[in-house]
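The values are calculated or read from the model by the stated rules, or taken from the named source; none is laboratory data. All values derive from a computational prediction rather than experimental measurement. Positions of Cβ are backbone-derived with ideal geometry, glycine not excepted, and every protein chain shown enters the neighbour counts. Note: areas computed on protein heavy atoms with side chains; ligands, DNA, RNA excluded. Shrake-Rupley method; radii C 1.70, N 1.55, O 1.52, S 1.80 Å.
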Amino acid sequence: MTGPLLLGHEVRLHVVDDDKKPMAGVQTSIAFTTAVFGGQIKREGLTDQSGEFSGSGHGEGQVVVRANQEGYYGAVFGNLPNDHDLDVAVVMRKIIHPVPLRALNLSLGTGAPTLKLSIQNEWLDYDLAAGDWVKPRGKGEVADIRFKFHNEFLGWQMDDERMAKTRAHPNNRNITEERLKELWGKYDGEVEISFPGEQEGLVEEKERFLPYSQLTMPHQAPLEGYAPTRRYTAKTYVYQRTVDNIGFFLRTRVKVDRDGKILSANYAK
């Protein structure tokens with residue numbers, strides 16, 4: 001047995017810092033998962049003066065790459081393909097001066113705070129500081145960001161015969177028409193985002209977004225490029241790939257002087 005069947009595939013890492021300078025001495029790990037539950041073939045070591053480390057292996061499952069260095073945010077790449085050689089570029093962000101941020105995980109479905117999406121074509125205001133919708137829909141006082149939703153029902157995802165059988169199934173006899181539409185309806189959906197104040201808005205972060213890093217977003221928000229409105233659309237009946245490699249900065253509660261120069265503002269990631 002020779003070649004790839006024996007050695008597997010090579011994974012080559014190139015590690016740099018925020019300034020794109022090679023980092024030596026970074027602790028790296030390349031894991032090739034095997035068919036055995038919890039099994040791994042690992043290649044571990046330190047990057048050289050060029051910031052490089054490589055390892056070869058073969059596994060039936062995903063390839064997982066990790067990089068860690070004291071004083072820097074760690075990096076983890078999961079679900080890398082196992083059927084060919086890989087070149088993995090790793091940017092390690094330095095831990096400069098961590099500032100605790102208020103983190104909120106919100107849902108428009110189950111959980112709290114919630115808001116039924118039956119409210120459509122109407123601006124809904126959200127208070128980021130309070131972590132709630134603005135009164136009377138919540139306890140918020142100040143509108144930081146505004147949303148307007150629109151969903152259009154276009155029919156069913158299945159033909160009339162299959163839909164009739166679905167309705168008649170014993171498990172579905174007590175389901176409301178609204179719930180049936182949620183489960184098997186075809187929808188065009190749209191959300192419009194806006195901001196109430198001058199020079200407030202949202203900016204997409206793509207080039208500097210690192211999905212594999214413990215610090216996915218850059219240390220500081222940009223000073224320019226904030227758009228006062230954004231519109232996003234989706235279709236439930238057409239496959240749309242989820243965009244993971246993107247983040248957002250928000251600028252809210254902006255105060256300006258007579259010349260329009262920003263005196264103070266709140267920023268969010």
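Key figures
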item: Residue ID - farthest from residue 214 (Cα to Cα), chosen from residues in segment 79-105 that are polar (S, T, N, Q) and not in a strand (DSSP E or B); result: 82
item: Some residue of segment 249-260 being in a loop (DSSP other than H, G, I, E, B), β-branched (Val, Ile, Thr) and open to solvent by less than 70 Å² (accessible area, probe 1.4 Å); result: no
item: Only listed residue being crowded, with 19+ Cβ neighbours inside 10 Å, part of a strand (DSSP E or B) and either in contact with a Phe, Trp or Tyr (Cβ under 9 Å, 6 or more places away or on another chain) or not charged (D, E, K, R) (or both), chosen from 16, 11, 76; result: 11
item: Which listed residue, of 71, 61, 57, is open to solvent by less than 80 Å² (accessible area, probe 1.4 Å), touching a residue at least 40 places away in the same chain (Cβ under 8 Å) and not polar (S, T, N, Q); result: 57
item: Members of segment 197-233 found to be open to solvent by 80 Å² or more (accessible area, probe 1.4 Å) and of a type in the set (Val, Ile, Thr), listed by number; result: 233
item: Count of segment 130-179 residues which are within 24 Å of residue 251 (Cβ to Cβ), open to solvent by 80 Å² or more (accessible area, probe 1.4 Å) and touching a Lys or Arg at 6+ places or on another chain (Cβ under 9 Å); result: 1
item: Sole exception among (1) under 19 Å from the mean Cα position of the chain (by Cα); (2) open to solvent by 60 Å² or more (accessible area, probe 1.4 Å) for residue 192, by number; result: (2)
item: Number of positions in segment 34-54 that are open to solvent by less than 70 Å² (accessible area, probe 1.4 Å), among the polar types (S, T, N, Q), outside any loop (DSSP other than H, G, I, E, B) and modelled with pLDDT under 90; result: 0
item: Residue within segment 102-121 that is at pLDDT 95 or above and of a type outside the set (A, V, I, L, M) present; result: no
